[in-house]
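As structure tokens, the structure follows; a few thoughts come after it.
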Amino acid sequence: LDPQIEGYVRSYISFRQATPYYIIQNVDNIEQRVYHARLGYAGTLDREVLVNQCHSIVDYKSGQPEPWHGVQLAGYADAKEGRHKYKRFGLYLRGDGGLPKLEPYKNGKDFQRFYSALDIYHFKNGN
């Protein structure tokens with residue numbers, strides 16, 4: 001295993017060992033490409049899981065939580081036509097192999113911020 005990623009892998013393994021299966025259940029959508037035909041954007045979500053029996057999107061991160069992470073996850077949820085269906089989380093893996101933090105993103109304004117950023121993108125690209 002590459003030493004540059006070894007700690008992050010151990011961090012993920014420690015999370016899976018510390019989290020009971022009934023809390024985090026895998027769904028087979030890993031690195032899933034999503035596309036929103038009407039709004040004209042695509043992305044690749046890291047993982048779709050059940051968290052306490054709720055459909056959720058989890059993005060794996062190697063840094064610290066940032067406000068824009070929730071905005072990114074809002075785009076994924078909307079592309080899956082699940083704005084109200086999916087809970088959104090960032091899993092912040094640690095380079096030292098320690099237990100990572102599962103951060104929920106609940107700000108409803110994340111969706112509006114995503115649409116605003118997308119509108120500016122389309123404007124700058126002449127669409």
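Criterion first (over 30 Å from residue 125 (Cα atoms), in contact (Cβ under 8 Å) with a residue 60 or more places away in the chain and not small (Gly, Ala, Ser)) does residue 8 satisfy it?
yes
If you go through the stretch 49-70, how many residues are out of contact with any Leu (no Cβ under 9 Å at 6 or more places or on another chain), more than 18 Å from residue 9 (Cα to Cα) and surrounded by fewer than 21 Cβ atoms within 10 Å (Cβ to Cβ)?
11
Got a number for residues in the stretch 43-52 being over 17 Å from residue 106 (Cα atoms) and either more than 12 Å from the chain's Cα centre (by Cα) or of a type outside the set (Val, Ile, Thr) (or both)?
Of the residues in the stretch 43-52, 4 are over 17 Å from residue 106 (Cα atoms) and either more than 12 Å from the chain's Cα centre (by Cα) or of a type outside the set (Val, Ile, Thr) (or both).
Could you list, in sequence order, all residues of the stretch 80-114 that are in contact (Cβ under 8 Å) with a residue 24 or more places away in the chain and at positive phi?
Once the filter is applied, which keeps residues that are in contact (Cβ under 8 Å) with a residue 24 or more places away in the chain and at positive phi, the stretch 80-114 yields only 97.
List every residue pair whose Cβ atoms sit under 8 Å apart, with the two residues 6 or more apart in sequence or on different chains, where the first one lies in the stretch 32-47 and is without any contact (Cβ under 8 Å) to a residue 12 or more places away in the chain and the second, anywhere, is in a strand (DSSP E or B).
If the second residue must be in a strand (DSSP E or B), the pairs left are 33/42; 33/43; 33/44.
Filter the stretch 82-93 down to the residues that are part of a strand (DSSP E or B) and among the aromatic types (Phe, Trp, Tyr), then identify the one that is surrounded by the fewest Cβ atoms within 10 Å (Cβ to Cβ).
By that ranking, first place goes to 92.
Scan the stretch 71-81 and tell me whether some residue there is aliphatic (A, V, I, L, M), assigned to a loop (DSSP other than H, G, I, E, B), within 23 Å of residue 16 (Cα to Cα) and in contact with a helix residue (DSSP H, G or I) (Cβ under 9 Å, 6 or more places away or on another chain).
Within the stretch 71-81 (the criterion being aliphatic (A, V, I, L, M), assigned to a loop (DSSP other than H, G, I, E, B), within 23 Å of residue 16 (Cα to Cα) and in contact with a helix residue (DSSP H, G or I) (Cβ under 9 Å, 6 or more places away or on another chain)), the answer is no, since none of the residues qualifies.
Of all the residues that make up the stretch 94-127, how many are open to solvent by 30 Å² or more (accessible area, probe 1.4 Å) and assigned to a loop (DSSP other than H, G, I, E, B)?
Selection size over the stretch 94-127: 10.
Test residue 36 against the stated conditions and say whether it is surrounded by 20 or more Cβ atoms within 10 Å (Cβ to Cβ) and not small (Gly, Ala, Ser).
It is false that residue 36 is surrounded by 20 or more Cβ atoms within 10 Å (Cβ to Cβ) and not small (Gly, Ala, Ser).
The values are calculated or read from the model by the stated rules, or taken from the named source; none is laboratory data. It should be emphasised that the depicted structure is a prediction, and the values quoted were computed from it without experimental measurement. Backbone-built Cβ (ideal geometry, glycine too); neighbour counts: all protein chains shown. Note: accessible area is taken over every heavy atom of the protein model, side chains too, but ligands, DNA and RNA are not part of it. Shrake-Rupley method; radii C 1.70, N 1.55, O 1.52, S 1.80 Å.
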